[in-house]
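Participant: Here it is: the structure, laid out below.
The values are calculated or read from the model by the stated rules, or taken from the named source; none is laboratory data. Note that the structure is predicted; figures quoted are calculated from it, not measured. So basically every Cβ, Gly included, is an ideal-geometry build from the backbone, and we count neighbours across all protein chains shown.
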Amino acid sequence: MIMHSLAKKIVTNEAMQPIAVQIDYADWLEIEPLLNQYPLMNQVTTFKHDASVWQHQWCELAQQIDKAWISEKSAVELLGEMRR
């Protein structure tokens, strides 16, 4: 476990807003195993998988709707008219 304070550098963008933190590689080697002990990392992976499945299901649904669509106008054209 890390018992000393981390030497860190704040990385900023052109507007001088902080966008990242840089630490020494030796400190990272100590931190990484600790992070892997927490279930949050697994939750992020699960979320990415779920999002991928969700997106695939929506694409399949869109294809089914497209095949079943019976109109001279596309759905986009009809929605555009409804917004007016």
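Participant: Note down all Cβ pairs under 9 Å where the first residue falls in region 20-38 and is within 12 Å of LYS9 (Cα to Cα) and in the same structural domain as ALA7 (by TED's automatic domain parsing), the second is at pLDDT 85 or above and small (Gly, Ala, Ser), and they're at least six residues apart or on different chains.
Facilitator: ILE23/ALA7; ASP24/ALA7
Participant: Now for a different question. For LYS73, state whether it is at pLDDT below 85 and surrounded by 10 or more Cβ atoms within 10 Å (Cβ to Cβ).
Facilitator: When the stated conditions are applied, LYS73 passes them.
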